[in-house]
Amino acid sequence: MSTQFAAKRLSKELSKISSSLPPGIELVSADNFEEWLLDIRVLDNNPLYQNQTYRLKFRFGSSYPIEPPEVVFVKLPDRPIPMHPHIYSNGIICLDLLGQQGWSPVQNVESVCMSLQSMLTGNSKNERPPGDEEFVRGNRLRPKDIEFYYHDNDV
Amino acid sequence: MDSDDDFISNMSSEEDMLPDDSDNDMSNYEDYGFDDEPDAYSDSQKETGHGKKVAYDFSFKVYQPSDIQKQQDDLINEVNMILDISKEEAAILLRYFRWNKERLIEDYMDRPGQVLDAAGLSQSAAGPPKIQVIPGFVCDICCEDEPGLESFALKCGHRYCVDCYRHYLSQKIREEGEAARIQCPSEGCTLIIDARSLDLLVPQDLTDRYHELLHRTYVEDKETLKWCPAPDCQNAVECAVKKKDLDRVVPTVSCLCGHRFCFGCILNDHQPAPCELVKKWLKKCADDSETANWISANTKECPKCNSTIEKNGGCNHMTCRKCKHEFCWMCMGLWSEHGTSWYNCNRYEEKSGMEARDAQARSRVSLERYLHYYNRYANHEQSARLDKDIFHKTEKKMVQLQKESGMSWIEVQYLNSASQALQTCRQTLMWTYAFAFYLARNNLTEIFEDNQKDLEMAVEALSEMFERPITELADPKLKVEIMDKTTYCNKRRVILLEDTAQNLAEGKWTFNVEFSGSAANGGPSTRR
């Protein structure tokens with residue numbers, strides 16, 4: 001029942017984003033209702049992200065959109081991991097709207113992409129989160145199982 | 001560890017803690033019949049003799065589920081009457097104010113609008129929300145728009161179809177264990193879903209779970225209430241001991257189900273050791289700190305490649321297995337530089353060598369000291385388990401005993417009380433060793449160790465009797481002995497706890513670690 005629920009919603013989202021997406025967001029692949037790939041670019045001239053394209057991987061659980069999707073940046077030869085104090089160098093994103101507490105079922109793939117775009121746009125710090133190296137080395141958890149502590153909301 | 005080791009580690013721990021006294025530790029063990037100790041010792045006995053109110057006991061109350069429900073209902077009804085708001089709203093407000101009725105009423109009287117907003121109650125006066133069919137409605141969650149779609153919205157007007165609402169609520173309740181603070185599904189809307197709206201939307205089994213979770217928040221929100229941690233026990237315990245008091249008291253409470261636990265940290269009864277030391281001790285036993293200590297006490301590193309080397313015999317001429325570096329174990333210098341002084345390092349007395357040796361000696365002493373206490377702690381823990389096993393077997397034998405000796409059920413109960421006593425006393429003994437590990441030596445520790453020794457001897461004697469074969473247990477003489485010993489054990493335990501608790505309350509103990517009682521900075525987190 002719930003897988004059907006997710007599939008129904010995702011097919012509606014897919015038909016919408018296949019026809020139109022906001023500037024700077026591109027659908028790369030959506031072959032099933034489990035994993036989608038999208039590319040995003042930062043549109044203004046923030047020097048940190050100029051001329052770069054970033055690859056996002058969405059994974060949907062069976063209770064999407066009640067539960068948030070798992071969203072990470074993926075590293076490829078031409079797709080780096082963006083520099084940001086809330087983005088770990090392995091692509092894991094610390095953003096409250098992707099956690100159970102901050103997620104709202106009204107959100108969707110498009111709105112998540114837009115939030116990430118604006119999160120990058122608004123950033124001026126060329127740095128990784130504190131303890132990045134240690135976290136990246138030691139982390140074996142899926143993003144949804146990590147207890148993030150959202151401490152600053154300014155960046 | 002045999003008795004020789006005991007003696008050495010006792011001595012070394014003393015050296016460690018109180019260098020001034022180290023010249024005559026022997027006397028500490030042999031002459032305590034001659035100095036002022038006996039007085040102090042009998043004093044502590046006297047105190048417990050007449051003092052009815054024992055220092056390690058606390059007033060606490062156990063509540064069963066129906067009591068907890070009644071307390072909540074009473075509070076809700078009261079607020080409902082005083083503030084003239086619905087019971088659902090009163091419940092949400094009370095939960096928001098963590099059941100602090102006085103503060104709620106005061107704040108609400110001052111600025112009702114702000115209070116309602118903050119608690120997630122909107123102020124519109126329209127009737128209670130209901131399920132509706134609205135023409136042309138599209139659900140923002142599932143994107144469904146078929147005609148006749150049933151939908152629901154809270155007072156905020158964020159409307160979603162009933163199916164999505166159900167999914168949302170069951171996710172929150174079943175998967176996330178939320179109840180009191182489930183918000184409207186809309187992004188950024190902080191309106192809280194009240195019990196009546198929820199009952200309207202979800203099936204019965206989920207409502208039951210919801211109410212159970214709600215009911216739990218009452219206990220979790222109140223600082224003076226805690227759930228009994230025993231499996232399947234639904235009772236809660238009320239105790240007035242606060243977090244900041246935990247450096248002065250060890251608030252052991254016992255639930256109606258028989259489980260005894262510490263109200264401060266929810267762990268099993270750990271008298272006489274205060275929570276903070278218990279936490280430190282458990283961490284120490286679990287982590288690698290003593291492994292590191294062992295390594296530094298027993299090994300050196302190759303000066304070239306830093307491989308860790310344990311010298312288990314042989315001469316001082318070391319050749320590192322890994323990098324083939326040749327060096328002297330004594331001075332750690334190059335072997336080739338030893339010239340003619342083969343196999344007899346003449347740099348031994350050099351300052352750097354002395355320092356290294358001292359550091360190693362200190363590590364050894366500290367390790368031995370830890371092992372001394374840990375072995376005894378672990379031994380009592382294990383013995384308590386074994387005593388329990390034996391009791392389970394004895395339980396069967398009690399039946400047998402009744403048949404063979406013609407004793408009645410009541411008459412064989414002494415075995416039950418003996419087993420109980422053994423386990424409680426061992427639990428206490430176990431923690432006396434963790435406690436002692438953190439104690440700095442002074443006259444009080446001597447008294448403490450005497451009490452500990454007396455209790456330990458009594459317990460071991462009882463334990464030995466308890467293990468006798470069933471044929472011997474039938475002997476009425478042994479029965480009397482066991483009963484006497486049981487009483488004696490319990491009495492020794494009371495004496496020990498009374499003494500430690502009193503000194504703790506008066507802040508008389510000196511610890512060899514930082515002890516503030518500020519367990520607050522690491523208090524039990526309320527994670528699901």
Checklist outcome for this item: Under the 7 Å Cα-to-Cβ spin-label approximation, A:Leu76 and B:Asn442 lie apart by a distance in nanometres of 7.1 nm
Item to check | Estimated FRET transfer efficiency (A:Ser124, B:Met109; beta-carbon r; R0 51 Å; 0.05) | outcome: 0.65
Item to check | Long pairs among B:Lys243/B:Lys284; B:Lys226/B:Lys388; B:Lys304/B:Lys324; B:Lys70/B:Lys244; B:Lys283/B:Lys453; B:Lys280/B:Lys300, criterion Cα-Cα beyond 20 Å | outcome: B:Lys243/B:Lys284; B:Lys226/B:Lys388; B:Lys70/B:Lys244; B:Lys283/B:Lys453; B:Lys280/B:Lys300
Next on the checklist: Along its three principal axes, how long is region B:124-202 when you only count alpha carbons? Whole Å, largest extent first please.
Outcome noted: 34, 31, 24
Checklist entry - Given R₀ = 35 Å, FRET efficiency for B:Lys244-B:Leu386 by Cβ-Cβ distance, to 0.05? => result 0.35
Checklist entry - From the square roots a ≥ b ≥ c of the eigenvalues of the alpha-carbon gyration tensor of region B:363-521, which class results: rounded (a/c under 1.5), prolate (a/b over b/c), or oblate? => result prolate
Item to check | Residue mean of other protein chain beta carbons inside 10 Å, A:102-112 | outcome: 4
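What does the C-alpha gyration tensor say about the overall shape of region A:24-155? Classify as rounded when a/c is under 1.5, otherwise prolate if a/b is larger than b/c, or oblate.
Cα axes put region A:24-155 in the rounded bin.
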Checklist outcome for this item: Quick tally, 1.4 Å probe accessible area for A:Arg128, A:Arg140, B:Arg111, sorted with the most first, runs A:Arg140, B:Arg111, A:Arg128
Checklist entry - For B:Lys508, what accessible area in Å² do you get when you roll a 1.4 Å probe over the heavy atoms of the protein chains, rounding to the nearest 10? => result 110 Å²
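Using 0.36 nm per residue of separation minus the Cα-Cα distance, give me the extension gain between B:Ser254 and B:Glu395 in nm, one decimal.
Net length gain for the segment: 48.4 nm.
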Next on the checklist: Averaged across B:167-173, how many Cβ atoms of other chains sit within 10 Å of each residue's Cβ atom?
Outcome noted: 4
Checklist entry - What figure in square angstrom, to the nearest 10, would you give for the accessible area of B:Arg196 with a 1.4 Å probe? => result 120 Å²
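In peptide A:122-129, how many Cβ atoms from other protein chains are near each Cβ within 10 Å, on average?
0
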Item to check | Reachable lysines from B:Lys393, criterion Cα separation under 21 angstrom, eight or more residues apart if same chain | outcome: B:Lys403, B:Lys479, B:Lys485
Checklist entry - Given a Förster radius of 56 Å and the C-beta distance between B:Asp145 and B:Thr487 as r, what FRET efficiency does 1/(1 + (r/R0)^6) yield to the nearest 0.05? => result 0.10
Next on the checklist: Could you put B:Glu481, B:Glu178 in order of accessible surface area, largest first, with the 1.4 Å probe and the full protein assembly present?
Outcome noted: B:Glu481, B:Glu178
Item to check | Accessible-area ranking of B:Cys275, B:Cys156, largest first, probe 1.4 Å | outcome: B:Cys156, B:Cys275
Next on the checklist: Just to check I understand the Karplus step: with θ = phi - 60° and J = 6.51 cos²θ - 1.76 cosθ + 1.60, what whole-Hz values come out for region B:79-91, glycine and proline as x?
Outcome noted: 5, 4, 7, 5, 9, 6, 10, 5, 5, 4, 5, 4, 5
Item to check | B:Cys265 - accessible surface, heavy atoms, 1.4 Å probe, Å² rounded to 10 | outcome: 40 Å²
Item to check | Three-way shape call for region B:375-416 based on the alpha-carbon gyration tensor, with the a/c threshold at 1.5 | outcome: prolate
Item to check | Other-chain or far-sequence residues with amide H under 5 Å of B:Leu439's (modelled H) | outcome: B:Asn512
Item to check | Derived scalar couplings ³J(HN,Hα) [region A:105-122; Karplus, 6.51 cos²θ - 1.76 cosθ + 1.60; whole Hz; x for Gly, Pro] | outcome: x, 6, 5, 8, 4, 4, 5, 5, 4, 5, 5, 5, 4, 6, 5, 6, 4, x
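The values are calculated or read from the model by the stated rules, or taken from the named source; none is laboratory data. Everything quoted here is computed from the prediction, not taken from an experiment. Glycine also receives a Cβ, built like all others from the backbone with ideal geometry; neighbour counts cover every protein chain displayed. What goes into the accessible areas is simple: the full protein's heavy atoms, side chains included, and nothing from ligands, DNA or RNA. Shrake-Rupley method; radii C 1.70, N 1.55, O 1.52, S 1.80 Å.
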